[in-house]
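Have a look at the structure below before the remarks.
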Amino acid sequence: MKRLVYPIVMLAIGAAASWYARPLLTSLNSNESPTSERKILFYQSAMHPWVKSDKPGNCTICGMKLVPIYEGEKGFMATGDDVTLDQNFIQVLHVQTDEAKPRVLVKTLQVAGMVDDNTAKHRVLSAYLDGRVDALHVNFVGAEVEAGQPLADFYSPTLLQAEREYRQLSGELRNSTALRLRQMGLTTTQIEALPQKPSDALTSQILSPASGTVIARYVYNGQYVKEGDKLFELADFSTMWFIFDAYEQDLPWLHVGQEVSVTTTAVPGKVFTGKVAFIDPTLDDASRSAKVRVELENPLENGHRHLLHKLYADGAVMLDAPTVLTVPRRAIIETGPESVVYVEASSGRYERRAVKLGRRGDTLVEVLSGVAASDKVVTNGNLLIDGQAEMNRSYNEPAMPAESMPATAPLAVLSAPQQQAITSFVKAADALAAALARDDLAAFMKASEPVMKETSSLVEALRSRTNLATKLDALDKASHWPSSLADLHQARAAFHPFTMATTALLEPLRTAKGMPEFQVWECYMVNQILPEAPKKGHWVQIGGRVGQNPFFGSDMLDCAKEIKP
């Protein structure tokens, strides 16, 4: 990201510097200005304040004319992690700030799942007696039926004889026969109507026991069946289930009763709302997720239902929103080993702060440490300020003559020990990424064994480069994880800070002379598998093979974009 920021910084700040420096230059050349009699302390670049000279000239970095700094003036500030900007710079860069303060952390969990039916409401109709299906009144799957609706005409000699006995008997004997008829599948209404049934009728009707949709038909006209044979299967689709997987880290946010909005491409423009009805208490070992069930109303409209069985759908869960100390998400700069913000320490002075983040909301993020309530964090222009601070750290030298200012980045040439240390380290980092890309936990643990040793060797080889101290410390810290990890999810969670610290250190050095060849690859949706991680993740590979994603493995092996040096 830094490599993209620097050109933008130079253009934007250069334009501001040119505009800001114009009055000073005009003042210098004006015969009427009293400053012509004041003592010039030194000449300085307005865009790159570390470039100073005791005589007029041009900035060795951007070529802009150096501005004279007179006695009594402070000049342009360049103090490493702090950046001081004139009000003109602030306006040109459109710097904006927002207060860190306790706010409701609104978060919407986006999920994907499938529409299923309530299997507890399935009903199978079986033959109560041996007999023959004389006629089907419902003969296709998908038909909507009402409770009591005729499904088929059924002929059974046993049932026919019991009906005749019922009509002939009276009193207690009739009641006993009525009980037998109910056991044979007739409803109370059918039994009470037997006296009016024609005496020459040979069949009885099989009625639907409930309203629903016919999802299976097992018989045809004229088919003989035996007692217990299946005839029809009904399902109640008036209420459907939306079932999705909730990953382990999302479960603390979820509870029964939360509202969920569901959409599907099969019904464009319509949003179905329901509530979480059940959360499976058992996690799936492989995915580390639990099934969550949402109940959705699915009424019959114009002869059909909108939500069909087995539809794919997307859901948005409105999670509980605690009140915590927050800053806007756009204020956070993810550098790899750490997250930083820029705080307005005073008018025009911006201080770099490393922050520890908690939960991430839709537009806000919880801050656990690094800023306090009422601190003003930069929300617009922070990338440009960070680029300026990075250049300050790289080039800041006190009162250095312009002629002797280095024009290239540090570490332009690697020594033999440095080359060897980087080569061995890159091989170890590549082995880790390759193991995760193959979903091989055992190989990852084996590849982890030399990592701490190779990291220590690398840190020792580059320790003399003071401008790399922060990145080296971050890498050294990230190279330690437990010797035993339970699953691939834990392995990827341990690998993420290590690989981000690795690429943050090595990627800017790829053009150095003697640097071993390797590629840097990027996945732009790491937060889908590691929700607490930034959206983008980087890793190194050697051998010239196409990017193989260690964060998703076989699920999305080719989800990778190469970052060129």
Given points 7 Å out from each Cα along the Cα-Cβ axis, report the Ser456 to Ala372 separation in nanometres with one decimal.
4.0 nm
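In debye, nearest 20, what is the charge dipole magnitude of the stretch 212-308 about its Cα centre with +1 on Lys and Arg Cβ and -1 on Asp and Glu Cβ, if you could check? Could you put the intermediate results ahead of the total?
Values: 9 positive and 14 negative charges, 68 e Å.
For this selection, approximately 320 debye.
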Testing the spin-label approximation: label points 7 Å from Cα along Cα→Cβ at Glu172 and Gln223. State their distance in nm.
4.3 nm
Measuring from label point to label point, each 7 Å out along Cα→Cβ, what is the Thr189 to Leu251 span in nm?
4.8 nm
Quantify, in whole percent, the carbon and sulfur part of the accessible surface of the chain (1.4 Å probe; protein heavy atoms only).
52 percent
Once R0 is set to 30 Å, what does the formula 1/(1 + (r/R0)^6) return for the Cβ-Cβ distance between Arg180 and Leu300, expressed as a FRET efficiency to the nearest 0.05?
0.25
Measuring from a point 7 Å past the Cα of Ser199 along Cα-to-C-beta, which residues in the stretch 158-184 have an amide N at less than 18 Å?
160-170
Which whole-number percent gives the relative contact order of the chain, counting Cα pairs below 8 Å spaced six or more residues apart?
16 percent
Quick tally, 1.4 Å probe accessible area for Val413, Val111, sorted with the most first, runs Val413, Val111
Read through the labelled values [x] 1.24; [y] 1.14; [z] 0.95 and report the label of the one computed as Rg/Rh (Cα atoms, Kirkwood Rh) from the structure.
[x]
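I need the Kirkwood Rh of the stretch 478-565: take the reciprocal of the average 1/r across all distinct C-alpha pairs and report it in angstrom.
On the way: mean 1/r = 0.0730 Å⁻¹.
The Cα-based Kirkwood calculation yields 13.7 Å.
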So the angle from the long Cα axis of helix 2-29 to the longest Cα principal axis of the chain, reported in degrees to the nearest 10, equals 40 degrees
Would you work out which of Leu505, Val115, Thr265 lies farthest towards the positive end of the dipole of the chain? Charges go on Cβ: Lys and Arg +1, Asp and Glu -1.
Leu505
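Given the pairs Lys291/Lys535; Lys356/Lys477; Lys535/Lys564; Lys107/Lys477; Lys513/Lys564, which span a C-alpha to C-alpha distance of over 23 angstrom in this model?
Working: Lys291/Lys535 25 Å; Lys356/Lys477 15 Å; Lys535/Lys564 19 Å; Lys107/Lys477 31 Å; Lys513/Lys564 17 Å.
In this structure, Lys291/Lys535; Lys107/Lys477 exceed 23 Å between Cα atoms.
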Under 29 Å from the Cα of Lys226, which lysines turn up, not counting those fewer than eight places away in the same chain?
Lys121, Lys197
Taking the square root of 5 times each eigenvalue of the Cα gyration tensor, what semi-axes in Å does the equivalent ellipsoid of the stretch 428-475 have, largest first?
27, 10, 7
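Which semi-axis lengths, in whole Å and largest first, follow from the square roots of five times the eigenvalues of the Cα gyration tensor of the stretch 418-548? Intermediate values should be presented prior to the final figure.
Values: eigenvalues 101, 50, 44 Å².
So the three semi-axes of the stretch 418-548 are 23, 16, 15 Å.
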accessible surface per residue for the chain, probe 1.4 Å, DNA/RNA/ligands not counted, whole Å² -> 50 Å²
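For the pair Ala277 and Ile40, what calculated FRET efficiency results from E = 1/(1 + (r/R0)^6), where r is the Cβ-Cβ distance and R0 = 51 Å, to the nearest 0.05? Present the calculation step by step, with values, prior to reporting the outcome.
Values: r = 78 Å, r/R0 = 1.53.
The formula returns an efficiency of 0.05 here.
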Set Lys and Arg Cβ to +1 and Asp and Glu Cβ to -1, take the dipole of the stretch 193-333 about its Cα centre, and tell me which of Leu231, Ile333, Tyr312 lies farthest positive.
Tyr312
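With charges only on Cβ, +1 for K and R and -1 for D and E, what is the dipole size of the chain about its Cα centre, in debye, rounded to 20? Numbers along the way, then the final one.
Numbers: 57 positive and 65 negative charges, 219 e Å.
The calculation lands at about 1060 debye.
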Value at 222 nm in deg cm²/dmol, rounded to 500, when DSSP H runs of n ≥ 4 in the chain each add -39,500 (n - 2.57):
-8500 deg cm²/dmol
For the stretch 128-230, place one equal point scatterer on every Cα, skip the solvent, and apply the Debye formula. What is log10 of I(q)/I(0) at q = 0.15 Å⁻¹?
-0.63
If each Cα of the stretch 172-298 is one equal point scatterer, what is log10 of I(q)/I(0) from the Debye formula at q = 0.22 Å⁻¹?
-1.32
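The values are calculated or read from the model by the stated rules, or taken from the named source; none is laboratory data. Predicted model only: the values in this text are computed from it and were never measured. Virtual Cβ from ideal backbone geometry, glycine too; neighbours counted across all protein chains shown. Please note that ligands, DNA and RNA were not included when accessible areas were found on the heavy atoms of the full protein model with its side chains. Shrake-Rupley method; radii C 1.70, N 1.55, O 1.52, S 1.80 Å.
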